[in-house]
Amino acid sequence: MQEIDIDISASEAPRRAPIRFTASGSEYFRIWIVNLLLTLVTLSLYYPFARARRLRYFHANTLVDGQPLGFHGDPWKMLRGHLLVLLFLACYGGAGRISPTAGAVAAVVFAALWPALWLASLRFALGNTSWRGLRMRFTGDLRGAYLAFAPLLPVVAFFAITALAGEAPKEAPPTGLLIAMGVAMLAMMGLTPLATAWLKRFQHGHYAVGSEQARFTGRTKSFYGVYLRAFGLTLLTGLFCTGLTLGLLLLLTALSVIGNLGQKASMMMFVPMMISLIVYVVLIFVVAPFMTSRLQNLVWSHTESDHVGFDSHLRARSLGWRWFKNIVGMVFTLGLYRPFAVVKTTRLRLESTDVLVHGDPAQWLSGVAPGTIECAGDAVGDVLGIDIGL
């Protein structure tokens, strides 16, 4: 009788492989201060070398199932990408000084090139990251990158129309342009969750290591749910603070009518400013951590392959409290606490994610050599903050 070899590893309960981040703030402070000084002295030309040092240190202290990651990027190749970014920014700034129309054209050209540069950044980042001696890969193609950015077209239209509105005659309100700006803004707001979903589906659906090819199973409606809850939280905060401000203004009016309390009422005029500060604090330490934590949990918990999955359980409360302590520390140390803040925040986000492993990694980590690594887009992904994955 012929034997049938059945791989039951995928049906077994996965083993949790925790992620540990062992970097220390004092060690990273020494790296950070040297990088900062050399970057300033060289007018940012040292920045690619500084980034390579930082990534090499952070990767070496990121342990996945007890094994550290490795970073193998060549800073000289990253320097070419950095110079390319500076060239694009110089062209954009120069075009904007010539005229708003030239600035709009430069922005459209930059937006047209952006998906290709972003794809090059992802290929560089993954191709130069290793685990257990094996390089990772990004398997997305150029067509997929441009399709992923399709929902962001209203954003490009909005900024282009805004630039064109700057050249409209001041004595005659550009009604048509104002309407177009309003429509573009509404479309941008409505399509932002869709754009986030498409970008993350492309990004997280093309990670690969060995014979493992990632896929993204998150639904678009889940992204809309996160954005709608964040919008509702923002709206409730605004309504509460608006009501509180109106109530205090009515109280101030009553005090001024009564008399003899004018000085006290004038002192209370600072209350609306305090209300505005409260709104800002709530948005920074409540809404932003909520968005960040929910998106991380959604994206990574729906990234999987045949033998690997992820479980992200980052809490908004913990992240908001961490951000609050970071800002307080940087204020009282005039910014010198920043490397400690980066290490602590990175540890919180990384260690809130577990890797779910089916079977023995040695069985499915076959030796697959990475393809040609594109390095030109590396600096672009870092400068504009697109590559924010863990």
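The values are calculated or read from the model by the stated rules, or taken from the named source; none is laboratory data. As the structure is a computational prediction, the values presented were derived from the model and not from experiment. When we count neighbours, we look across all protein chains shown, and the Cβ atoms used for this are built from the backbone with ideal geometry, even at glycine.
Working only within region 204-214, note down all residues that are at pLDDT 95 or above and either touching a Lys or Arg at 6+ places or on another chain (Cβ under 9 Å) or part of a helix (DSSP H, G or I) (or both). Scanning region 204-214 gives H204, G205, H206, Y207.
Checking each residue in region 30-52 for being crowded, with 17+ Cβ neighbours inside 10 Å and either over 18 Å from L336 (Cα atoms) or touching a residue at least 40 places away in the same chain (Cβ under 8 Å) (or both) picks out I31, W32, Y46, Y47, P48, F49, R51, A52. Only residues that are buried (at least 20 other Cβ atoms within 10 Å of the Cβ), hydroxyl-bearing (S, T, Y) and under 17 Å from T22 (Cα atoms) were counted across region 329-352, and they come to 1.
Among the residues of region 80-112, the one identified as among the β-branched types (V, I, T), farther than 19 Å from L153 by Cα and more than 26 Å from the chain's Cα centre (by Cα) is I98. Filtering region 213-240 to residues that are under 18 Å from V281 (Cβ atoms) and touching a residue at least 24 places away in the same chain (Cβ under 8 Å) leaves A230, L233, T234, T237, G238. A Cβ distance below 7 Å, combined with a sequence gap of six or more or placement on separate chains, defines the contacts here; from region 77-100, residues that are closer than 22 Å to R51 by Cα reach residues that are not in a helix (DSSP H, G or I) in the pairs K77/C375; M78/C375; R80/C375; R80/A376; G81/C375; G81/A376; G81/G377; L84/A376.
When residues in region 204-221 are screened for being hydroxyl-bearing (S, T, Y) and buried (at least 17 other Cβ atoms within 10 Å of the Cβ), 1 of them pass. The set of residues from region 22-51 being outside any loop (DSSP other than H, G, I, E, B) and touching a Ser or Thr at 6+ places or on another chain (Cβ under 8 Å) comprises Y47, A50.
This table checks each residue for (1) touching a Cys at 6+ places or on another chain (Cβ under 6 Å); (2) over 29 Å from Y46 (Cβ atoms).
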| residue | (1), (2) |
| --- | --- |
| H59 | no, no |
| P75 | no, no |
| L83 | no, no |
| T101 | no, yes |
| L119 | no, no |
| F124 | yes, no |
| R132 | no, yes |
| A145 | no, yes |
| P151 | no, yes |
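Within region 218-229, the presence of a residue that is at pLDDT below 85, in a helix (DSSP H, G or I) and hydrophobic (A, V, I, L, M, F, W, C) is excluded.
Considering only region 59-83, state which residues are assigned to a helix (DSSP H, G or I) and either charged (D, E, K, R) or closer than 23 Å to V357 by Cα (or both). Passing the criteria: H59, A60, K77, R80. When G103 is tested against the conditions (1) at pLDDT below 85; (2) surrounded by 18 or more Cβ atoms within 10 Å (Cβ to Cβ); (3) within 30 Å of E304 (Cα to Cα), the lone failure is (3).
For R16, are the conditions met, namely being at pLDDT 95 or above, assigned to a strand (DSSP E or B) and in contact with a Leu (Cβ under 9 Å, 6 or more places away or on another chain)? It is false that R16 is at pLDDT 95 or above, assigned to a strand (DSSP E or B) and in contact with a Leu (Cβ under 9 Å, 6 or more places away or on another chain). Please identify the pairs in which a residue from region 354-371 that is closer than 25 Å to H313 by Cβ has its Cβ atom under 7 Å from the Cβ atom of a residue that is at pLDDT below 50, counting only partners at least 6 apart or on another chain. Short answer, once both residue conditions are applied: H358/S9; H358/A10; G359/S9. Against the condition crowded, with 17+ Cβ neighbours inside 10 Å and more than 29 Å from R53 (Cα to Cα), how does P154 come out, does it pass? Spelling it out, P154 is indeed crowded, with 17+ Cβ neighbours inside 10 Å and more than 29 Å from R53 (Cα to Cα). Residues that are at pLDDT 90 or above and out of contact with any helix residue (DSSP H, G or I) (no Cβ under 6 Å at 6 or more places or on another chain) were ranked within region 143-161; the one that is farthest from P193 (Cα to Cα) is R143.
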